[in-house]
Amino acid sequence: MKWQGNSKRKFTGGRLISNRGKRKYELGREAGEPNVDTTRKKQIRTRGGNTKIRLLRCDTAHVADPKTGKSKTAKIESVTDNSANLNYIRRNIITKGAIIKTELGEARVTSRPGQDGIVNAILVAE
């Protein structure tokens with residue numbers, strides 16, 4: 001399990017003695033790193049009974065054209081650039097800000113697929 005509580009070390013490297021243990025609200029989860037493949041989603045219950053749709057794999061994106069102001073659903077071919085992590089390009093992992101190659105051209109992802117469960121993108125002028 002991931003834990004998002006405070007560190008057991010000071011910034012100097014010295015040890016901190018915790019006055020309590022871990023709490024459920026400090027719980028974290030593994031990042032959903034959606035890659036290009038046939039679409040697969042997973043529903044997750046979050047705090048307060050709310051839900052998040054975690055996108056595990058995706059092959060389509062809703063691509064908006066800023067010139068016409070219209071959007072179309074396009075097939076994702078590959079990830080061409082990802083400033084979050086250079087290894088994500090090789091692994092075809094889609095994150096917010098990634099540049100994806102689609103049928104309509106290159107597009108920049110504007111949604112957070114691991115949290116929103118959908119890939120929204122905007123065409124990039126070439």
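The values are calculated or read from the model by the stated rules, or taken from the named source; none is laboratory data. All values derive from a computational prediction rather than experimental measurement. With ideal geometry, Cβ positions are generated from the backbone for all residues, glycine too; neighbour counts draw on all protein chains shown.
General remarks:
- Filter result for Ile89 (within 23 Å of Glu30 (Cα to Cα), out of contact with any His (no Cβ under 6 Å at 6 or more places or on another chain), in contact (Cβ under 8 Å) with a residue 24 or more places away in the chain and not acidic (Asp, Glu)): no
- Criterion violated by Ser83 - all others in (1) in a strand (DSSP E or B); (2) surrounded by fewer than 14 Cβ atoms within 10 Å (Cβ to Cβ) satisfied: (1)
- One residue from Gly97, Gly49, Gly114 being of a type outside the set (A, V, I, L, M), surrounded by fewer than 14 Cβ atoms within 10 Å (Cβ to Cβ) and within 30 Å of Lys24 (Cβ to Cβ): Gly49
- Ile44 vs. criteria more than 30 Å from Lys24 (Cα to Cα), touching a strand residue (DSSP E or B) at 6+ places or on another chain (Cβ under 6 Å) and hydrophobic (A, V, I, L, M, F, W, C): no
- Inside segment 61-72, residues that are under 16 Å from Glu106 (Cβ atoms), in a strand (DSSP E or B) and of a type outside the set (Gly, Ala, Ser) make up a count of 4.
- Being in contact with a Leu (Cβ under 7 Å, 6 or more places away or on another chain), surrounded by fewer than 16 Cβ atoms within 10 Å (Cβ to Cβ) and outside any loop (DSSP other than H, G, I, E, B) holds for only one residue in Lys42, Lys75, and it is Lys42.
- Residue ID - nearest to the chain's Cα centre (by Cα), chosen from residues in segment 23-49 that are among the polar types (S, T, N, Q) and within 15 Å of Asp59 (Cβ to Cβ): Asn35
- Count - residues of segment 62-72 that are modelled with pLDDT under 95 and surrounded by 15 or more Cβ atoms within 10 Å (Cβ to Cβ): 1
- Flag for Ala121 being at pLDDT 90 or above and more than 19 Å from Gln4 (Cβ to Cβ): yes
- Some residue of segment 102-113 being more than 24 Å from Ala125 (Cβ to Cβ), free of Cβ contacts under 8 Å to residues at least 24 places away in the same chain and outside any loop (DSSP other than H, G, I, E, B): no
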